[in-house]
Every structure is written in C-alpha cells, then in structure tokens.
Amino acid sequence: MEIHSNELNELYSEKIPEVDEGAILKGRIISLKPDSVVVDIGYKSEGFISIEEFTESEREALAEGDEIEVYVSKIDSDGLVVLSSEKARRIRTLRFLQEAQKEGLPVEGTVLEKVKGGYRVEIEGVKAFMPGSQADLKPLKNPDSLLGQRVKVRVLKLNNKLTNVIVSRRVLLEEEREALKRETIARLKEGALLPGVVKNITDYGVFVDLGGIDGLLHISDISWGRIRHPSDVFKVGQDVEVMVLSFDPATEKVTLGYKQKRPDPWKSIEEKYIEGKVVSGRVVSLTDYGAFVELEEGVEGLVHVSELDWSPRPKHPSNYVEVGDYVDVQVLKVEPGERRISLSIKQLKPKPWELVAQRYKKDQRITGRVRSLTEFGAFVALPEGVDALLHISDISWTKHIRHPSEVLRKGQKIEAVVLNIEPEKERMALGLKQLVPDPWEEEIPSKFQLGEEVKCRVLRCTEHGIFVELEGEVEGLIYSSEIESDSPREVYKEGDELVARIIKMDVEGRKIGLSLRNLRYEGVEEGEA
C-alpha cells in the first residue's frame with residue numbers, strides 16, 4: 001500500500017502535537033545531566049531545563065520518571081526546546097493569586113520572617129509582604145509568635161511580575177469575627193448558657209469572649225461566697241460556661257453571671273446550718289480578727305479570733321490554723337440577710353476551768369509562770385490557759401512586801417500552793433509562803449525573846465520608825481520614840497547594820513517592836529551603831 005507525502009504529514013502531525021512558545025505543559029524527566037534536566041513533553045525533541053533553576057535540595061529530590069510542570073521558553077530552528085520550571089511555577093501562582101484577588105478567596109501561606117514594617121509570607125513559592133497592621137486584629141504582644149505558622153490571608157495587591165504582592169490576615173479575621181458575632185448575638189438571650197474564653201481579668205471582673213463579642217462577668221457574679229480577686233477563680237485563656245444576665249442590642253453590652261448557674265445556697269442556709277451544729281470546712285483565708293472557713297461552695301463562715309481558743313488573750317489566727325486546713329467548727333449564729341455565719345473552734349474544746357476543776361485541789365502544789373505583776377499581786381499562767389492570782393499578802397510570812405516585783409519577775413517559773421478554787425467564778429488563789437510552815441507559830445516565838453538584844457539590818461526609814469530585818473528574814477520595827485536621834489533618816493541608811501533590843505513580841509499580830517535605847521550588847525558601842 002502506497003502512502004503519499006501529504007498523508008505522511010497528516011499522520012506525523014497526529015502523533016507529534018504542536019508546541020508553542022509560552023505554553024505551560026506537563027512533562028516527564030528522562031535524564032539528569034550536570035548542567036540540565038532533560039524532559040519529554042511529547043514533542044519531536046526533548047526539552048532542557050537549566051539545572052540552575054533548582055535549589056540544592058530540589059536537585060537531590062529530582063529523579064528520572066518524575067512528572068514536572070514546565071514553561072516553553074524557546075524553540076529554535078534546529079528544534080531545540082528550552083524549558084523553565086521556575087517560570088511555570090510563577091505563572092501558575094500568578095494566575096492563582098489573580099483569581100483569589102478577583103473572587104476575594106483566602107489563600108494559605110507560611111510566615112517566613114519578620115521584616116521592616118511587617119512579615120514575609122511565602123505563597124506557592126512567591127514571597128508576599130504582610131504589613132504588621134494586617135497581621136492580627138490588634139497589635140501582637142509577641143510578634144514572633146507568627147513565625148513558621150501556616151496562615152490564611154487575602155490578596156490586597158499584586159503585579160504581573162509578582163514582585164509586589166501584599167496580603168492581609170486581619171481582613172479575614174475581621175470577617176470571621178463579624179460572622180461569629182452575628183451567630184452569637186442571635187443566641188444572646190437572658191438566662192442562656194454560652195461557652196466562652198476568658199479574655200482579660202481586672203480587679204472588678206472578667207471579660208469573656210463569647211465569639212465575636214465580649215461580655216463582662218462582674219466579681220460579684222462569680223461566686224455566691226466571698227472572693228478576693230477574679231484571678232483566684234479564672235485564668236486568661238480558660239474555657240468557661242457563663243449565663244447571660246442581660247444584653248443591650250443598642251450598645252451591644254453583655255452582662256454575664258457565673259454563680260447563677262447554681263441555686264443561691266444562702267436561701268436555705270438556716271435549714272442546713274442550725275445553731276449549735278458541728279460541721280467541717282476548709283480554712284480559706286486568715287485576718288487579724290479571725291479565720292474564714294468555707295463550709296461549701298459559696299458559703300463561708302468566720303471563726304472570730306476570740307472563738308479560736310479559750311485563752312483570754314488569744315494569739316494571731318495563724319498560730320492555730322493555716323490556709324488549706326480542714327477543721328471542725330460549731331455554728332454559733334446564722335444571719336442569712338447579712339450572708340454571715342459565726343463559727344467557733346474553741347467550743348469544741350474542753351473549757352479550761354473545767355479542766356482546772358478536774359486537775360487541781362486545795363493545798364496541791366503546782367507550777368506556773370508569772371504572766372503579769374500588779375500592785376496587789378501576781379497573775380500566774382497555768383498550762384490549761386487560765387490565770388491564778390497570787391496575792392501580795394501570800395508571798396511571804398515574814399517580809400513586808402510593798403510590791404510583788406521585789407520578789408518576783410515576769411516570766412519567772414514558780415511553785416505555789418492552791419489556796420482556793422472557784423471554777424464557776426473562774427477564780428483560783430495561790431500562795432507562795434504556804435510552801436513552808438508559818439514561822440510565827442513556833443520558830444519565831446522560840447527564837448526571839450522579849451528584852452533580847454539582836455543584830456539587824458536597816459531596810460527603810462519611815463515616820464513610824466526604822467524597819468529592820470532580823471535573822472531569818474524576819475522584819476521588826478524600831479519605834480521612832482525608841483530612837484535617840486532626832487533625824488534618824490540622816491543617821492541610818494538602808495543596809496546599815498546595828499543592834500536593837502526587843503521590847504515587844506506580838507505573835508498574833510505578827511509584829512516585833514525594837515528599841516535603840518539603853519543597849520547592853522557586848523562588842524558594839526552605841527556610837528558605832
């Protein structure tokens with residue numbers, strides 16, 4: 001069968017399609033050479049792409065048989081086809097971006113780096129510029145947070161050479177927020193429960209992003225109980241569910257509630273916390289005047305400092321409890337109108353005077369520390385937390401004590417004898433002198449005889465005479481009428497030693513009277529005295 005030349009040309013044209021310069025085609029890599037990549041595009045001759053168009057990592061990824069998109073740059077008279085992968089990518093990207101700009105469609109890109117005034121964003125191999133003002137709805141606290149992220153942007157401007165492509169992320173965020181806002185407003189009805197995210201925390205409340213619109217959750221609407229600061233309950237970024245209390249469409253002001261999601265526990269408080277009832281709770285805060293105990297969510301009671309311990313002078317609450325401690329308390333008083341509950345810890349402890357009545361008896365020897373001194377005696381602190389009185393008259397059998405500080409000091413540990421106990425009157429009397437027998441019963445009457453001359457030491461001079469100390473810390477008085485000097489205070493000084501004669505022994509009155517007249521004491525002359 002014979003085929004004419006014109007038939008051969010028609011057959012050849014069917015097998016080898018026409019390729020025009022400027023066309024974008026798909027080809028297959030058939031060979032990798034040091035200076036070029038050989039690509040079969042279905043033409044009568046292969047095409048060549050300069051190896052310089054590929055980065056080092058792209059070169060390593062190329063392999064024979066890979067499909068690749070190319071741009072026909074040139075076909076010369078000898079049939080040599082020059083191709084470009086880079087131009088193909090740029091033209092395809094240009095068309096893609098032009099279409100996105102025309103239709104207002106978002107495109108995705110990767111934020112590469114920060115540059116002056118904004119960011120460099122790579123989109124399909126093309127580097128676009130995103131101004132800083134177009135990066136977010138408001139200035140970013142951490143501008144570096146966008147680096148490396150895949151973001152959706154809108155094309156604002158571009159040229160055919162793709163050398164000036166400007167994009168915006170903010171436009172899309174605004175549209176999304178506006179759409180979300182419309183959906184949220186449709187659900188903003190009083191009593192509605194909505195999810196949200198804590199956006200900001202202030203001293204007076206919490207701003208919650210409900211989705212395109214913010215609402216204020218006032219501190220008074222966070223808890224039925226008492227909170228010091230909204231940050232004690234919420235954190236920025238936290239997911240929360242809130243109740244819509246009110247919404248003003250004109251101002252778009254939204255008031256939110258959190259505590260309203262559950263019934264007010266104070267409405268039934270009197271039924272649950274009856275006076276005298278013992279309940280448990282957790283210490284949530286301490287003040288100078290007491291400790292606040294949370295009995296349940298939204299319900300706190302105060303243990304006043306006076307109800308922490310039976311001591312008449314309780315210490316700071318931190319000496320008894322710590323924040324976080326779980327304690328048993330007794331309900332003293334409930335005031336629903338004031339949202340106040342008075343609690344007590346000490347009422348669950350034995351009363352100190354009940355312990356005293358059990359542990360001490362009359363004439364029992366005890367130990368304690370001197371807590372304070374007064375003109376009439378000393379108060380002695382006992383381990384049970386009560387004070388007993390040591391009267392000044394019960395300090396010494398023989399010495400005339402003008403003030404307890406002459407014998408005792410604050411904080412001193414002493415031993416004493418119980419003289420009397422009256423728990424119902426919260427009174428207890430102690431004696432110091434009762435630790436030893438009364439010397440006036442036998443010892444003094446037998447030791448000092450009427451008319452006897454004795455050595456003594458001057459204690460003090462008064463208008464009544466000279467008070468002196470005899471052997472054994474026994475006091476006596478040299479009557480002023482029995483002193484030969486008209487100015488005894490000038491002659492006799494405290495601590496002077498002298499000799500005097502006993503002229504009076506009043507055992508019942510516990511007094512010894514002395515005289516300096518007509519002395520017979522050997523070894524001491526009156527002048528020396």
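The values are calculated or read from the model by the stated rules, or taken from the named source; none is laboratory data. Just so it is clear, the model here is predicted, and its values are computed rather than measured. Every residue, glycine as well, gets a Cβ built from its backbone with ideal geometry; the counts of neighbours run over all protein chains shown.
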Search result, residues across region 193-225 that are closer than 13 Å to MET243 by Cβ and among the charged types (D, E, K, R): ASP221
One residue from LEU256, LEU216 being closer than 27 Å to LEU172 by Cα, at pLDDT 90 or above and in a strand (DSSP E or B): LEU216
Answer residue from region 259-292, given it is over 30 Å from MET243 (Cα atoms) and of a type in the set (A, V, I, L, M) and is surrounded by the most Cβ atoms within 10 Å (Cβ to Cβ) among those: ALA291
Answer from GLU384, GLU415, GLU424, GLU441 - the residue that is in a strand (DSSP E or B), among the acidic types (Asp, Glu) and farther than 21 Å from PHE467 by Cβ: GLU415
Condition broken by ARG95, with the remaining ones in (1) loosely packed, with under 13 Cβ neighbours inside 10 Å; (2) of a type in the set (Lys, Arg); (3) within 44 Å of the chain's Cα centre (by Cα) satisfied: (3)
Some residue of region 181-196 being farther than 30 Å from LEU216 by Cα and surrounded by 17 or more Cβ atoms within 10 Å (Cβ to Cβ): no
Qualifying residue in region 260-276 (condition: over 24 Å from SER223 (Cα atoms) and either touching a His at 6+ places or on another chain (Cβ under 8 Å) or not hydroxyl-bearing (Ser, Thr, Tyr) (or both)): yes
Residue match in region 367-376 (condition: out of contact with any Phe, Trp or Tyr (no Cβ under 7 Å at 6 or more places or on another chain), among the small types (Gly, Ala, Ser) and either buried (at least 17 other Cβ atoms within 10 Å of the Cβ) or not in a helix (DSSP H, G or I) (or both)): yes
All strands (runs of 3 or more DSSP E) inside region 124-200 with 1 or more residues being in contact (Cβ under 8 Å) with a residue 40 or more places away in the chain: 150-157, 166-168
Strands (runs of 3 or more DSSP E) wholly inside region 26-81 that include at least 1 residues being basic (Lys, Arg) and more than 16 Å from GLY125 (Cβ to Cβ): 67-75
